[in-house]
Amino acid sequence: MSPPNTREAPDGGWGWAIVAASFMSQLLAYGSPQSVGVLYPEWLNTFHDSKGMTAWVGSLVSGVGLIASPICSASVVNFGARPVTIFSGVMVSGGLMLSAFAPNVQFLIFSYGIVVGLGCGLVYAATVTITCQYFDKRRGLALGIVTTGTSIGGFLYATAQNEFNVLFGLDGCLLLIGCFALNIIACAGLMRPLHPPAYYLKQRKALTEMVEEKVLEKAPVTGDRAVKNRSVTKALVTEERKDTKSSVSCEALVRLIKSKQKRYSEYLRSAGELLQNRVFSAMCVSLFACCLGTYPPLLFLEDLAQTEGLIDGISTIPLVSIVSIAAGVGKLLLGVVMDIRWMNSIFLYAFTLVGTGLVLIIIPFTKNYAGLQVISALLGFFSGNWSVIPYMTTKVVGMDRLTEAYGILMFFGGLSIMLGPPIAGWIYDWMHSYDLAFFCSGGFVLLGGAVLFISALSCWNKKHNESVTTEEENTTECDSVATVA
């Protein structure tokens, strides 16, 4: 429900300032988490902990934001993009600076993995939501520019963190990038709200009711008897309110609990209905398997190159930089491919999973750094398949249930992102080699692609699964996806 003073999306004007601010916010927030593979070898050398335990830092910073996406979305809806972005800037910056003083890996798991991860989730939710508010016809272009900030941030921060580690050490590097993250607060200043947030509307409604009550109390009443009767009545009502205040509070609390319980029950029932859809269940399985196998290489590639003696230290352009810039290209190109009339989003996503799985299996056979650079580019390009997920979800469950379905998918993705790197690290601690870890990663991704492909075979000839997405549908889709961020 839109408030009376809600304005239409300007599709330009100050909206481009919003795009620039959102782009820089994502770049500053996601730069370090996207290039955490550069910091991983440094943490191993500093704390001398197992690879499996240290991998929790990089996995949590990516997975926590996805799992907490409903909370992040609700925060933006209730408080608005500007306050949430300011708060997220404090979280990201504070988490990075705290990490500079970490005495052990367990502290890093909290400061870098959880605090920075939640801050990144809030930034993403706020920037995508306010961009959707300011753009309608050009929303796809605006969102494409904004979300590219994560890839460019990963590309720039990988090289920057490498240089800062050499010049100032690990602690100095984290302090510097933490200072950079404070600029997210400055970016939030440009995020002028187009629609009033829910919290503001509730406060305004409460203030209006309070003013009306005061006006009624101050209304003139003729006659001394009437004044006396009103004062007596007011005193009686005041005493009655004092007596019943505690009981009213308890009743309100009980009603609140019952309403929340009813909503959660309805959500679980609706989620169960979605999971009964065979193709959607296969999507959840494939996304879980994909993230379980895809994210470990992003964390371990630099350590693999150093462990195998393929390079001394870290190159000028680290492998995670190549992954990040290729991911940006993949998002744009795969998004363009989705506009082809005969393209099937489900089979396109399954194709990217198969390609990713094959590339992962090739990694143990690669014995030179140039080969790892090519593999990094391919992994980055295929990881751009995240831009296909909203289209694919719309085709399977429809526009009405996109928000709920997308949230369920992000939960599965975030859960597997948190589990993948630690499992791969434990395999290395057990085998003292990354070969089995990469074979398992590739096998998981191939399994996810096969499950999705087989489950979607019956959809090949169904016209509604191949109908062209109209401009109006794309507009609504962005709105729905933004609410779960």
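Quick note on region 44-121: its Rg to Rh ratio, both from C-alpha atoms and Rh being the Kirkwood radius, is 1.05.
Rounded, prolate or oblate for region 19-176? Axes are the square roots of the Cα gyration tensor eigenvalues, ordered a ≥ b ≥ c, and the cut-off for rounded is a/c under 1.5. Verdict is prolate for region 19-176. Potential lengthening of the chain between residue 306 and residue 333 amounts to 6.5 nm, from the contour at 0.36 nm per residue minus the alpha-carbon distance. A simple spin-label model places pseudo-atoms 7 Å from Cα toward Cβ; at residue 340 and residue 275 they are separated by 3.5 nm.
Ordering of 161-167, 44-50, 295-301, 15-21 by packing is 295-301, 15-21, 161-167, 44-50, highest average first (other Cβ atoms within 10 Å, averaged per residue). Between region 35-76 and region 318-336, what is the C-alpha centre distance in whole Å? One Cα centre to the other: 21 Å. In the context of the full set of protein chains, residues of region 361-444 present 38 Å² of accessible surface per residue (probe radius 1.4 Å, heavy atoms only). The apolar share of the surface of region 1-140, taken as the fraction of accessible area on carbon and sulfur atoms (1.4 Å probe, ligands and nucleic acids excluded), comes to 65 percent. Calculated accessible area for region 1-105 comes out at 39 Å² per residue, all protein chains present (probe 1.4 Å; ligands, DNA, RNA ignored).
The values are calculated or read from the model by the stated rules, or taken from the named source; none is laboratory data. Just so you know, these numbers come straight off a predicted model, no measurement behind them. Here the Cβ is made from the backbone with ideal geometry for all residues, glycine too, and neighbour counts use every protein chain on show. These accessible areas exclude ligands, DNA and RNA; they are computed on the full protein's heavy atoms, side chains included. Shrake-Rupley method; radii C 1.70, N 1.55, O 1.52, S 1.80 Å.
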